[in-house]
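Where a number appears in this text, it was derived from the coordinates with a stated rule and is not lab data. Please read all numbers here as calculations on a predicted model, not as lab measurements. So basically every Cβ, Gly included, is an ideal-geometry build from the backbone, and we count neighbours across all protein chains shown.
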Amino acid sequence: MGSNIETLFDPAGILNNERTSQLVRALVEGVPPESKVLSVGCTTSLPILSLLSSASHHIYGIDGSQKTLDFAQTQVSGQFEQAPAVEYLPQSSFDVILGIFSLHEMNRAQVRSLVFKMGDWLKPGGFILLATSPIDYLDTESRHNIVDDCIRDYPLNLFGNSVHSTLFSRNEWISMFEKAGVSLDNEAYLTVSATADRPSQHHSFMSFRKSVKHSILGPYPLPEEYRGPIPLSEAAWKPFVDRLVRDEFDFVLQVLESNQQVLDVGSGYGKLPIEVAARTGKAYSIEPNADRNSIQTANARDRGVEIAQGSAENIPYPDAHFDAVVAMWVMHYVQDLEKSLREIVRVTDRSAPNSRIVIVQGAPDNEIIDLMNTVCAPLSASNPLPNHQGYLLHKAAEVFAACEFGNITFHRVDAYCEFTEQDLSDRCEQAAGVIAGLWCLDDSNFNGMKQALIPRLRFHFLDRPHAIGDQVAVLVARPSEDV
């Protein structure tokens, strides 16, 4: 084990090229001693992994192919795991993450999501080294699937193999990482000369460094203040929730499994307090929306749920009354964000053995929110500002820490909306109405938003024909003395 680096499998010639070799060796020399290194994909990263291993760093690798992992283990000492990158759940954070020609077989949404995930796997100040083939150097004139500096299904000739690939421009790569709080630190280019059986190839090596604490609070930069509440109506919510496949309920119930006195703030149809009451005998709910309050009252009748009149800003219970308070997809509807967060703290008993606050909002890679913020919001006649979910969580963490709920963790849960229509045009039309309507049903430019969504939805459904991601970020805050 530990092959000679110069003869190690290196189809890209990474260490034989002066510019890329300098970039790689500078990275190896610049990381802390005994760093943890993760390689996402374990074929073309082997020469870099060998350098890092020789410098006494700890090597971890993931790959979808067991054959690739078996070969990697004969070349480099480390811990290797067969796992698709999009499903990987690391047990620790890393100082360095490598993505060396290993992300191109994912679709656009998967790559975008993985960039945020890699940001969260990385320690603050840590490095990501990306090697890719930007579309800037490719012949894309005859290709039609180009949207937002991304091309899908491109027949990329990579080291003698033609691979149908999703590729991005250099600027789009930089933008995606910056949104995860990971900024470009160094860059080098590699040109592989043409041979009889393959054209010349132009690759980019980009080293990024993490400058934030939590990528899950992105996309960065964060806004300076709360944009104000989103209007809530049952007519907008029901078409969305009828298509929603939600997993965060089970996760939140698991977080609350030891709690006995639980308040759900803005509980909608009342599903969560009903489930909690089935275990504890009683649960509590407030729902300020009149339509949804009446629905919840009917659903919860004789099921152990106390439904009170109130709002997040004015919770009608005394101080320290609950051992857990939950607010799921609520904070973008409140009038006064900070007052709402402080009210949640006020009614939570810090002295309770399992005291906790749970806030659920959209993850930075949430596909539905991305469409609403990038397509719908700029066209809004009432409020063109994006609804930044990460800012809501950032503010919550800030307020909770100041109020001695400073033991804060973040968690990801996948959810999605189903659109089962067989005809693509009908599917896009239905999806556009649901997405634009969720927050902007009464906006005077609602129809313009729907039309603007259609091209993006057509592109999205090429990769994921009947689903749009509604990825979730969960903040769990516990009393500071438990840290």
*Rounded to the nearest 0.05, what FRET efficiency do VAL241 and ASN171 have when you use their Cβ-Cβ distance and R0 = 35 Å?*
0.40
*First select every other residue whose beta carbon is under 15 angstrom from the beta carbon of LEU69; then total the charges, Lys and Arg +1, Asp and Glu -1.*
-2
*What number comes out for the charge environment of ALA436, summing +1 per Lys or Arg and -1 per Asp or Glu over other residues with Cβ under 9 Å away?*
0
*Using 0.36 nm per residue of separation minus the Cα-Cα distance, give me the extension gain between PHE159 and SER294 in nm, one decimal.*
42.3 nm
*Could you check what % of the DSSP bridge pairs in the stretch 5-212 are antiparallel, to the nearest 5?*
60 percent
*the stretch 283-351 and the stretch 366-395: distance between their alpha carbon centers, rounded to Å*: 24 Å
*Please give the net charge around ALA415, taking every other residue with its beta carbon less than 10 angstrom from that of ALA415, where Lys and Arg add +1 and Asp and Glu add -1.*
-3
*Nearest-20 debye value, the stretch 234-478 charge dipole, Cβ charges on Lys, Arg, Asp, Glu*: 240 debye
*Given the peptides 39-52, 297-310, arrange them by the average over their residues of other C-beta atoms within 10 Å, most packed first.*
39-52, 297-310
_Efficiency of FRET between ALA401 and ALA83 - r from beta-carbon atoms, R0 30 angstrom, step 0.05_ = 0.35
*Give the angle, between 0 and 90 degrees and rounded to the nearest 10, that separates the Cα long axis of helix 337-346 from the longest principal axis of the Cα atoms of the chain.*
70 degrees
*Listed values [x] 1.05; [y] 1.15; [z] 1.01, entry calculated as Rg/Rh (Cα atoms, Kirkwood Rh)*: [z]
*With the contact rule set at Cα under 8 Å and sequence spacing of 6 or more, what percent relative contact order holds for the stretch 5-212?*
19 percent
*Please tell me which of these pairs span more than 26 angstrom C-alpha to C-alpha: LYS36/LYS213; LYS67/LYS213; LYS395/LYS450; LYS36/LYS179; LYS123/LYS395; LYS238/LYS450?*
LYS67/LYS213; LYS395/LYS450
*asked:* Starting from the 7 Å offset along Cα-to-Cβ, what nm value, one decimal, do you get for the label separation of ALA26 and ASP423?
replied: 5.7 nm
*In nm, give the distance between the simple-model label positions of ARG19 and GLU481, each being 7 Å from the Cα along the Cα-to-Cβ direction.*
5.9 nm
